[in-house]
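Q: One structure follows; several queries about it will come next.
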Amino acid sequence: MSVAQPVVAEKENAIVRMMKDLERALKKPPSERRWGMVIDLTKCVACDACTVSCKAENKTPPGVNYTLVIKEEVGTYPNVREVFLPRPCMHCENPPCVDVCPVGATWKNEEGVVVIDYDVCIGCRYCMTACPYGARTFDFGDWYTEGTPHLAPYETAPTFEYGEMRVRNEHESPVGNVRKCHFCLHRVHEGLLPACITDCIGRARYFGDLNDPDSLVSELLRERYSFRLKEELGTEPKVFYLT
Amino acid sequence: MKGNKGLVIAYWVVVAVLVIVGLVGLYWRLTTGHKMANYGELIVWGLWVSMYIFFMAVAAGAFIVASMVYTFDVETLRPVRRLALLTPLVAMPLGFFSIWVDLGHMERAYEMITRPHLTSMMNIELWLYGAFFIVLLVMLWEEFAKGGEDKALMKWAGAIGLVLVILYEAAGGALFGVAKARPAWHGGLFPLLFILSGFTVGVGTVVFLHVFLPKLFGGKVSKPAVVWLGELLLVLIIIEFLFVLSEYFVGLYSGIPSEVTPLKQILTGPFWYVFWIGQFLIGIVLPIVLLAWQRTRTSPLWVAIAGLGVFIGTFAMRLNLVIPALAYPELKGLVEAVPSPRMTTVYVPSTMEWFVGLGIFGLGMAAFAVLYHLLPVQSQAAKEA
């Protein structure tokens, strides 16, 4: 099977192109941009670089995965192959997680990204039951290096999620909160691509402004066949998969 | 009926043990947060959430019994009206406490009031609880402080309270029913099932307490009220069983994995006994036999045991309602993709969860005993019996 390549990638490095897209989008008022992600399943090799880069960027503890790669073996030996599905938050246009929050701690911001206010979230986890994609996780206060003489520095280093510097400790947010992918908004607002985009070794992930017809993500969606997960639920995800 | 001193001592020993165990659990909860909990990233709700919806159901059902006296003038039930009114006063705080310890940030619970988000069934429920609790306090004040002489007030308060408990149970069912991400929950049956199940367990609890408390602490039992409640309970159990059958059969027939798997978990999974022994045998078969058989249906003791069976069975039902539906991953392969012991399809409450849970039951037992001593709950009943 021939692997389809994005038309534009041949002309210009995709990262450079997406950075330019980002720069253009950031000049617009926030309400006029619509951040979205496109994942090319034909290029994903399930290396989990996205998972790891997200963990490094957001210092997420054990069990808290903003993005992950679902791996499935299909067929029977010797006719088997593996299929991979990277799964960040879908940042739905109609997010079911938002409606159910009893205190309005999570909402779709004006750029279309579903965000959480850690200082408001009461940790009831109702949103986790409402997400059809399992994209929300609860911070139980666990550490990777718990039980060792010292917590590793990478676990106690500050994070900058939502543009706020936080050092995680056991009795303060985000411990006790629901946490999820936020498209690395803190990076995006500084003109940087989300960590999972820049670190994808297969260049399978793309990010940009869906409202911009000239953006790489818009072009890919025009040129290639795409689908979204569980479209029948009417959630209108802003993460698209190319096959 | 005279009380039994030996039983009273045993009762208080049990209460003391449960409360001490509960305090240990609460200490762990407050000092270690959720680290010692066994609910996880997939099964995000467990024992405490099940207890919360259970106690709220008990409160609603008991109040419906009270409103049958105050609003609908069912004279036979007059001897149980005070107990039926006190039951929500105890059960609701137990429910609130169960859900409070479950929160990731207990200190922010007040935000439910200061930041109302009325698209959330959870928030809508709270306002309904609040409104009902005010009505309940008014009725309790009138009944216990003024002897319930203002019949018009009690009639109308009973009617308003009845509407509120029906609404809050419906919202409780809708809390699960609206979750389109969970096919085993999603649908229109849950709000109705919650109302019905609440009524059933409320009747069971009231009839049990009405017989049990005098046996323990002294007081008289109204046999006509017990028999009446027993007959009502029999009808309710059968209707509720039909609801559950309908839910299970339609779900299983669908063949949709996300619906079938949780149901199979309930019926034949590792915790099969929660359904077959707790929900079915103790909660349905035993009460039906006791309430249908001529020799036992007129005996207050056996009717009370049937009520206790419904109490236990409904709790098992609440566990089966909350947990198995969550054990089915939203996406195939999700569990394997997260290398964490918290991402698992199996849930057994941790020691901390059990301890806190037992403590909450202990608090309930203590509260009923204290209120029974302090207030003229059954003395009034005795006079009327």
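Q: Can you pull out every residue in segment A:47-86 that is of a type in the set (Ser, Thr, Tyr) and either under 12 Å from A:ALA195 (Cα atoms) or touching a Pro at 6+ places or on another chain (Cβ under 8 Å) (or both)?
A: A:THR51, A:SER53, A:TYR66, A:THR67
Q: Turning to a different aspect of this structure: If you scan segment A:34-61, which residues turn out to be among the aliphatic types (A, V, I, L, M), within 29 Å of A:MET165 (Cα to Cα) and either in contact with a strand residue (DSSP E or B) (Cβ under 7 Å, 6 or more places away or on another chain) or in a strand (DSSP E or B) (or both)?
A: A:MET37, A:VAL38
Q: Related question: Checking B:SER50 against (1) away from every other protein chain (no Cβ under 14 Å); (2) assigned to a helix (DSSP H, G or I), only one condition comes out false. Which one?
A: (1)
Q: Report yes if some residue within segment B:305-322 is in contact with a Lys or Arg (Cβ under 7 Å, 6 or more places away or on another chain) and more than 24 Å from B:GLY22 (Cα to Cα); otherwise report no.
A: no
Q: Which count do you get for residues in segment A:74-113 that are free of Cβ contacts under 8 Å to residues at least 24 places away in the same chain, part of a loop (DSSP other than H, G, I, E, B) and either touching an Asp or Glu at 6+ places or on another chain (Cβ under 9 Å) or within 14 Å of another protein chain (Cβ to nearest Cβ) (or both)?
A: Residues flagged as free of Cβ contacts under 8 Å to residues at least 24 places away in the same chain, part of a loop (DSSP other than H, G, I, E, B) and either touching an Asp or Glu at 6+ places or on another chain (Cβ under 9 Å) or within 14 Å of another protein chain (Cβ to nearest Cβ) (or both) within segment A:74-113 amount to 3.
Q: Out of everything in segment B:291-318 that is of a type in the set (Val, Ile, Thr) and under 13 Å from the mean Cα position of the chain (by Cα), what residue ends up being surrounded by the fewest Cβ atoms within 10 Å (Cβ to Cβ)?
A: B:ILE312
Q: Right, next: Could you pull out the residue among B:ILE134, B:ILE113, B:ILE124, B:ILE166 that is more than 26 Å from B:HIS373 (Cα to Cα) and away from every other protein chain (no Cβ under 14 Å)?
A: Being more than 26 Å from B:HIS373 (Cα to Cα) and away from every other protein chain (no Cβ under 14 Å) holds for just one of B:ILE134, B:ILE113, B:ILE124, B:ILE166, which is B:ILE166.
Q: Would you be able to say whether some residue in segment A:170-181 is in contact with a helix residue (DSSP H, G or I) (Cβ under 9 Å, 6 or more places away or on another chain), at pLDDT 95 or above and surrounded by fewer than 22 Cβ atoms within 10 Å (Cβ to Cβ)?
A: no
Q: Right, next: So which of B:LYS151, B:LYS220, B:LYS180 ends up being within 14 Å of chain A (Cβ to nearest Cβ) and either surrounded by fewer than 18 Cβ atoms within 10 Å (Cβ to Cβ) or among the acidic types (Asp, Glu) (or both)?
A: B:LYS180
Q: A further question on this structure: From the list B:GLY219, B:GLY278, B:GLY255, pick out the single residue that is in contact with a Phe, Trp or Tyr (Cβ under 9 Å, 6 or more places away or on another chain) and either at pLDDT below 95 or acidic (Asp, Glu) (or both).
A: On inspection, the qualifying residue turns out to be B:GLY219.
Q: Looking only at segment B:1-47, how many residues end up being buried (at least 16 other Cβ atoms within 10 Å of the Cβ), part of a helix (DSSP H, G or I) and within 12 Å of chain A (Cβ to nearest Cβ)?
A: 1
Q: From the list A:VAL69, A:VAL64, pick out the single residue that is within 12 Å of another protein chain (Cβ to nearest Cβ), aliphatic (A, V, I, L, M) and part of a loop (DSSP other than H, G, I, E, B).
A: Unique residue meeting the criteria: A:VAL64.
Q: Now for a separate question. Filtering segment B:104-114 down to residues that are assigned to a helix (DSSP H, G or I) and in contact (Cβ under 8 Å) with a residue 12 or more places away in the chain, which residue is surrounded by the fewest Cβ atoms within 10 Å (Cβ to Cβ)?
A: Within segment B:104-114, the match that is surrounded by the fewest Cβ atoms within 10 Å (Cβ to Cβ) is B:ILE113.
Q: Every residue in segment B:259-283 that is surrounded by fewer than 16 Cβ atoms within 10 Å (Cβ to Cβ) and farther than 28 Å from B:PHE208 by Cβ, please.
A: Result: B:LYS264, B:THR268, B:PRO270.
Q: Cβ-Cβ below 7 Å, separation at least six or inter-chain, first residue in segment A:223-243 and on the phi > 0 side of the Ramachandran plot, second exposed (fewer than 13 other Cβ atoms within 10 Å of the Cβ) and assigned to a loop (DSSP other than H, G, I, E, B): which pairs?
A: A:GLY234/A:ASN94; A:GLU236/A:ASN94
Q: Here's something else I'd like to know. Of the conditions (1) among the small types (Gly, Ala, Ser); (2) over 15 Å from B:VAL44 (Cβ atoms); (3) within 11 Å of chain B (Cβ to nearest Cβ); (4) in contact (Cβ under 8 Å) with a residue 40 or more places away in the chain, A:ALA49 fails just one. Which one is it?
A: A:ALA49 satisfies every listed condition except (3).
Q: Does any residue in segment B:45-58 that is over 21 Å from B:ILE166 (Cβ atoms) come within less than 7 Å, Cβ to Cβ, of a residue that is of a type outside the set (A, V, I, L, M) and part of a loop (DSSP other than H, G, I, E, B) six or more places away or on a different chain, and which pairs are these?
A: Going by the 7 Å Cβ cut-off, the qualifying pairs are B:TRP45/A:ARG125; B:TRP45/B:TYR39; B:GLY46/B:ASN38; B:GLY46/B:TYR39; B:GLY46/B:TYR347; B:GLY46/B:PRO349; B:LEU47/B:PRO349.
Q: Go through segment B:85-103 and report how many residues are within 9 Å of another protein chain (Cβ to nearest Cβ) and in a helix (DSSP H, G or I).
A: Residues meeting the conditions: 2.
Q: Within segment A:124-143, count every residue that is part of a loop (DSSP other than H, G, I, E, B) and either at the interface with chain B (Cβ under 7 Å from one of its Cβ atoms) or touching a strand residue (DSSP E or B) at 6+ places or on another chain (Cβ under 6 Å) (or both).
A: 11
Q: What number of residues in segment B:306-337 are within 13 Å of chain A (Cβ to nearest Cβ), among the charged types (D, E, K, R) and assigned to a helix (DSSP H, G or I)?
A: 1
Q: Turning to a different aspect of this structure: Of the residues that make up segment B:363-372, is at least one in contact (Cβ under 8 Å) with a residue 60 or more places away in the chain, of a type in the set (A, V, I, L, M) and assigned to a loop (DSSP other than H, G, I, E, B)?
A: No, segment B:363-372 contains no residue that is in contact (Cβ under 8 Å) with a residue 60 or more places away in the chain, of a type in the set (A, V, I, L, M) and assigned to a loop (DSSP other than H, G, I, E, B).
The values are calculated or read from the model by the stated rules, or taken from the named source; none is laboratory data. Everything numeric here is computed off the predicted structure, so don't read it as measured data. Methodologically, a virtual Cβ is constructed for each residue, glycine included, from the backbone with ideal geometry; neighbour enumeration extends over all protein chains shown.
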